[in-house]
Amino acid sequence: MGVRTSPRQRVWLGSLRALIGIGALIFLLWKIGLGETLAVLRTANLRLLGLAFGLFVVSLVIRAARWAVLLRALGLQVPLGRLVHLYFVGAFFNSFLPSGFGGDVVRALELTQDAPTT
């Protein structure tokens, strides 16, 4: 049984997620200090930073592809792009929730919106 949301609810949920993300970023910058953050970024090796970010993205895409294989074995066809999106959402929640499985719960709940209702 899937949970369906209206387009209006999706807009509100998307806006809420964006506000939470922006709020978390503002909180971190306030706690750490914008000046200190900028000073660290100025001295960072941009090639290594870019490589690290690229590897992070590739790892999420690989995990999403692995998840797609498991879902197909269960008879569910979910586009890879949707699964990659859900992995990014899950990674965000894993970064801010105290437990390591918070992102998994969020991904599973989001995926239920795609499931056909019976």
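Values quoted throughout were computed directly from the atomic coordinates according to the rules given, and no laboratory measurement underlies them. Please read all numbers here as calculations on a predicted model, not as lab measurements. Note that each Cβ is placed from the backbone with ideal geometry, even for glycine, and that neighbours are counted across all protein chains shown.
Which residue fluctuates most in the GNM of the chain (Cα springs below 10 Å): R72, R107, R82?
In this elastic network of the chain, the residue with the biggest mean-square fluctuation among R72, R107, R82 is R72.
Where does helix 80-96 land angle-wise versus the long Cα axis of the chain, in degrees 0 to 90, nearest 10?
Tilt relative to the chain: about 50 degrees.
Calculated FRET efficiency, Q113 and L49, Cβ-Cβ r, R0 25 Å, to nearest 0.05?
0.15
For V11 and T37, compute 0.36 nm times the residue count separating them, minus their Cα-Cα distance, and round to one decimal in nm.
6.2 nm
Taking 8 Å as the Cα distance limit and 6 or more residues as the minimum spacing, I'd like the relative contact order of the range 45-113 as a percentage.
Result for the range 45-113 is 22 percent.
What is the spread of the Cα atoms of the chain along each of their three principal axes, largest first, in whole Å?
55, 30, 25
Using +1 on the beta carbon of Lys and Arg, -1 on that of Asp and Glu, and nothing else charged, what's the dipole of the range 45-113 about the Cα centre, debye to 20?
180 debye
Kindly state, as a whole number, the per residue volume in cubic angstrom of the convex hull around the alpha carbon atoms of the range 13-54.
78 Å³
What FRET efficiency do you get for I22 and L71 if R0 is 22 Å and r is their Cβ-Cβ distance, rounded to the nearest 0.05?
Here the calculated transfer efficiency is 0.10.
At what distance in angstrom do the alpha carbon centres of the range 64-110 and the range 1-60 lie from each other?
The distance from the Cα centre of the range 64-110 to that of the range 1-60 comes to 17 Å.
Hey, got the dipole for the range 1-115? About the Cα centre, +1 on K and R Cβ, -1 on D and E Cβ, debye to the nearest 20?
With Lys and Arg at +1 and Asp and Glu at -1, about 200 debye.
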